[in-house]
1. Enter the angle in degrees (range 0 to 90, nearest 10) between the Cα long axis of helix 219-237 and the first principal axis of the Cα atoms of the chain, meaning the one along which they spread out most.
2. Sort out the exposed loop GluC sites (Glu not before Pro) in the chain (DSSP loop, at most 12 other Cβ within 10 Å) and tell me the longest stretch that has none.
3. Roughly how many debye, to the nearest 20, is the charge dipole of region 197-242 about its Cα centre, given +1 on each Lys and Arg Cβ, -1 on each Asp and Glu Cβ, and no other charges?
4. Helix 139-150: angle to the longest alpha-carbon principal axis of the chain, degrees 0 to 90, nearest 10?
5. With axes computed from alpha carbons, what is the tilt in degrees of helix 173-185 against the longest principal axis of the chain, rounded to the nearest 10 within 0 to 90?
6. What trypsin sites (Lys or Arg not before Pro) in region 108-178 are in a loop by DSSP, with at most 16 other Cβ atoms within 10 Å of the Cβ?
7. For region 148-191, just say rounded, prolate or oblate: build the C-alpha gyration tensor, square-root its eigenvalues into a ≥ b ≥ c, call rounded for a/c under 1.5, and beyond that prolate if a/b exceeds b/c, oblate if not.
8. First check a/c for region 1-45, with a ≥ b ≥ c the square roots of the eigenvalues of its C-alpha gyration tensor; if it is under 1.5, answer rounded, and if not, answer prolate when a/b is larger than b/c or oblate otherwise.
Amino acid sequence: MRLEDAQARLDCCFAGMAEGARRLHEPSDSRFALRPSAVWLEYRWYVQGAGLAEVFLKWGRRQPAAEAEASVLRVHLLGHSPTLAACARGVLEGGVPAPEDVLDLFGDDGVRREHVLLGRTRVTVESWAAPGPNGLLEAHRFHALAAVVSGADASPEERHEAVQRLTAGERSARVVDVLLELLERVPSLMALRVLSEWGEVRSRPALRRALAAVHPDNPADLWALTALDRRLEAWARAAPGA
């Protein structure tokens, strides 16, 4: 599917939905010209009720803009909005069943994925874990992981793994508190990513500090943090309770 057709499909399916943040169109921003990647990216954030739809497109950097073909069109559904879910289902219409994505092979990560092919474009809708707390970890497990996350002697790798295990095992106010405390001391892309997925807008000041500290010759981190900042901006415009 040509890139312009994929963009038109999104415009049609999400017509009438508010955009919670400015689109992030990589070719239009010179800061990302040297990002080490073979593809260009475009992100959009639609908000409705207590939900957020994060949409992105990929296409080859070597393709002339007028001839570019979208290789990936993906929608992440976060929070809860039946209206946005219906919009996302429209993106899949007319596609043929596609094989599982490599991400599906990693086990149960709480994400429900639907794949189709539209021409050579892989279209995916991901329904991420529902909002709200889930079961709590056993006390000894929680405190052991929280100690690594908060520990001054933990290496960045150890801290990253502990954040990953803690947030995979429990989604709760106490986990959010641990992550926010961490971000007051040191930057953590993993913690920022999780809190932005959960719609925790209190993490935005820490994210903005991390964004301001990125060196201009690091376009990969600049891109990742800018995308997370726009996601939190969109969450701030969603209804409370997302």
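1. Compared with the principal axis, the helix lies near 90 degrees.
2. Maximal segment without exposed cleavage sites: 139-242.
3. The calculation lands at about 220 debye.
4. It works out to around 80 degrees.
5. Rounded to the nearest ten degrees, it is 90.
6. Working: sites: Arg112, Arg113, Arg120, Arg122, Arg141, Arg159, Arg165, Arg171, Arg174; in loops: Arg120, Arg171.
Those satisfying the criteria are Arg120.
7. Note, shape of region 148-191 comes out oblate.
8. On the way: a/c = 3.43, a/b = 1.58, b/c = 2.17.
Because a/c hits 1.5 or more and a/b fails to exceed b/c, region 1-45 counts as oblate.
The values are calculated or read from the model by the stated rules, or taken from the named source; none is laboratory data. None of these values were measured; they are calculated from a predicted model. Reconstructed Cβ throughout: ideal geometry from the backbone, glycine too, with neighbour counts over all protein chains shown. Surface areas here come from the heavy atoms of the whole protein model, side chains and all, with no ligands, DNA or RNA. Shrake-Rupley method; radii C 1.70, N 1.55, O 1.52, S 1.80 Å.
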